[in-house]
1. Return the sequence-ordered ³J(HN,Hα) values of the range 214-223 in whole Hz as given by the Karplus equation 6.51 cos²θ - 1.76 cosθ + 1.60 applied to θ = phi - 60°, using x for Gly and Pro.
2. From Cα pairs below 8 angstrom and at least 6 apart in sequence, can you work out the relative contact order of the range 189-295, rounded to a whole percent?
3. Could you work out which residue, out of 47, 94, 398, moves most in a Gaussian network model of the chain, that is, has the largest mean-square fluctuation with Cα springs under 10 Å?
4. Label-point separation (nm) for residue 188 and residue 94, each offset 7 Å from Cα along Cα-to-Cβ?
5. Among residues other than residue 77 whose Cβ falls under 14 Å from its Cβ, what is the net charge (Lys/Arg +1, Asp/Glu -1)?
6. Rounded to the nearest 10 Å², what accessible area does residue 35 show when all protein chains are kept and the probe is 1.4 Å?
7. Sequence-distant or interchain residues sharing an amide H contact under 5 Å with residue 363, placed H: which?
8. For the range 339-348, what does the Karplus curve 6.51 cos²θ - 1.76 cosθ + 1.60, with θ = phi - 60°, yield as ³J(HN,Hα) per residue in whole Hz, taken in order and with x for Gly and Pro?
Amino acid sequence: MPKVDGARLVAFDVIRAVAEKDAYANLELSRLLREHRLDGRDAALATELVGGTLRLQGSYDDVLDRLAKGKLDPPVRDALRLGAHQLLSMRVPTHAAVATTVDLVKDRIGHRPAGLVNAVLRRVSERSLDDWLTNRSLAARTSHPQWILDALAEALARPEELDALLAADNERPGVVLVARPGLCDPAELGGAPHPVSPYAVQLEGGDPGAIPAVREGRAGVQDAGSQLVALLLARAEVDGRDERWLDVCAGPGGKAALLAAIAAERGARVLANERQPHRATLVAQGARAARAGLAGVIAGDGTRPAWAESSFDRVLVDAPCSGLGALRRRPESRWRRTEADVTELVPLQVSLLDSAVGALRPGGVVAYATCSPVVAETAGVVQEVLARRPDAELVPATSYLEGIADAESAHLPGAVQLWPHRHGTDAMFVALLRRT
């Protein structure tokens, strides 16, 4: 049996786990890299194979379906996608990409499909990806399902920018760290500052876990757009007391840790709530260095709160959503999510925001955020809650932006909508509401 290199084995196993077990690619990749003790160039190769193959899966399938005669078994298709990525989007020589993929098939699937894989990949290598996709649909060329194309086009409201947004979704995102205030100076982390957050540092490469401040919990990996969500809530003006803060949907804990660090500097404390107990544990672990600003972590349902009405000065609702704002960072989401998921999520999002307004005392502020630009999950949710609650009013979140241009929502004036192609962040949406 030919020996297959560890990076390709790990990449194949991650992609199969995503398909068979609904695994999260980033978590499964981290687990298998540790298990196989891969680092350096091997870890970088496995990471590129997983992320790149999942992002461009739709484009590769368009090519493979024209070349393979008959239905492909899922494991064989995944191996062909990996081979196609090496041939069409990486600088791997043809003989190496084909031979290593055939060896992988023999090792993980069996000898029978090896001939088919060899023949198909040799055909793939005859043309560039651009040539293969000439005159194909926009969905095939950009590797986005049609329903997602439609939803993003509606949210963007600028047809001339759609191609740039779709291209940004298919780029590998850089690693961004957060230097939690009062605990870490951004200069400790190296890298370059990110304009969206004063606490954000963008790394050119390397392992974030090797940085002492990250290991100690004084810093963490967090997209600059996610950091801005916490910052906008913290910057908003409240009337009167400012001591009790609440994070309604705190898991896995990045925003809660940043809020707790900010709160500690102001003499306030954050209660972090998370519905799933195992994620509540992650919140507590992630905020360990900022525990001075943490009132506690509880596991509960934010739509049926354990706290009394009108208890808090500031509330964050980072609502469960489709995640279509993080397609570059969570590439499997585009193949896993459906339109029906959005339809099912909206009532929960409305209920969470309505409950969060109730948790505010008069004069307090709630930030409603999603890692999705989809209109139904963003402006639609806020407008529904405002219509049903006469004791809530929209606060212009855009007035608290510092040096960030072109970030107003096209569908809810005053709300913030970030974009990968404009701001170098996930497509985070943030609206601020005050209880009157």
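The values are calculated or read from the model by the stated rules, or taken from the named source; none is laboratory data. This is a predicted model, so every value here is computed, not measured. Note: ideal-geometry Cβ built from the backbone for every residue, glycine included; neighbour counts use all protein chains shown. In case anyone asks, the SASA skips ligands and DNA or RNA and just uses the protein heavy atoms, side chains included. Shrake-Rupley method; radii C 1.70, N 1.55, O 1.52, S 1.80 Å.
1. Whole-Hz 3J(HN,Hα) from phi for the range 214-223: 6, 4, 8, x, 7, 9, x, 7, 7, 4.
2. 23
3. 94
4. According to this spin-label approximation, the distance is 5.3 nm.
5. Taking every Cβ under 14 Å from that of residue 77, the sum is 0.
6. 110
7. Answer set, sorted by chain and number: 435, 436.
8. Whole-Hz 3J(HN,Hα) from phi for the range 339-348: 4, 4, 4, 4, 4, 6, 6, 4, x, 5.
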